[in-house]
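I have placed the structure first, in the form of structure tokens, so that the comments after it can refer back to it.
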Amino acid sequence: MSFPAEKLLAVHQANVTLAFNIANTFMSGTEQLLALNLRTARSALENSLETSRSVMSGKTPTDLLDLPSSLGHPVLETTLGYLRSIYDIQLQTAEELAALTGNPARCIQQEPFLGARQRCRERPCRF
């Protein structure tokens, strides 16, 4: 059984193109994660500075006792937002890879995450 050189070349070019597209998809996801990490680090520094200022502005002991209740909520909301963003980037990358390869997104187990994601949206964290 012979395989014409043109068909072999076409298959090879298609495979190379697919490999580059997959690499670009991974790089795009990595860039999104890096940008998210930079934004989160910047936000954490700003929150730390704000916390330090509020601690220093306390003039009485009762002012300092009131701080912990007001400081925990933004940190928890930021953490949950960060985790949701990571999940969204991961899911988007898996969907793009599935579209490229023509396979369903088996590389990510969606079922366990979907229930948690729905619960987070229905019941946001409250203090």
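The values are calculated or read from the model by the stated rules, or taken from the named source; none is laboratory data. From a predicted model like this one, the values you see are computed outputs, not experimental measurements. With ideal geometry, Cβ positions are generated from the backbone for all residues, glycine too; neighbour counts draw on all protein chains shown.
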Next on the checklist: I'm trying to understand the selection: among the residues of the range 21-55, which are over 19 Å from TYR87 (Cβ atoms) and in contact (Cβ under 8 Å) with a residue 24 or more places away in the chain?
Outcome noted: ASN21, ILE22, ALA44, ASN47
Checklist outcome for this item: When every residue in the range 1-50 that is hydroxyl-bearing (Ser, Thr, Tyr) and in a helix (DSSP H, G or I) is compared, the one farthest from THR93 (Cα to Cα) is SER48
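So in the range 31-49, with the set limited to residues that are of a type in the set (S, T, N, Q) and surrounded by 14 or more Cβ atoms within 10 Å (Cβ to Cβ), which one is nearest to VAL75 (Cα to Cα)?
Filtering first and then ranking leaves ASN47.
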Checklist entry - Counting only residues that are surrounded by fewer than 14 Cβ atoms within 10 Å (Cβ to Cβ) and acidic (Asp, Glu), which one in the range 50-99 is nearest to ALA23 (Cα to Cα)? => result ASP88
Item to check | Selected residue (criterion: nearest to LEU33 (Cα to Cα)) from residues of the range 44-84 that are at pLDDT below 75 and of a type in the set (S, T, N, Q) | outcome: SER70
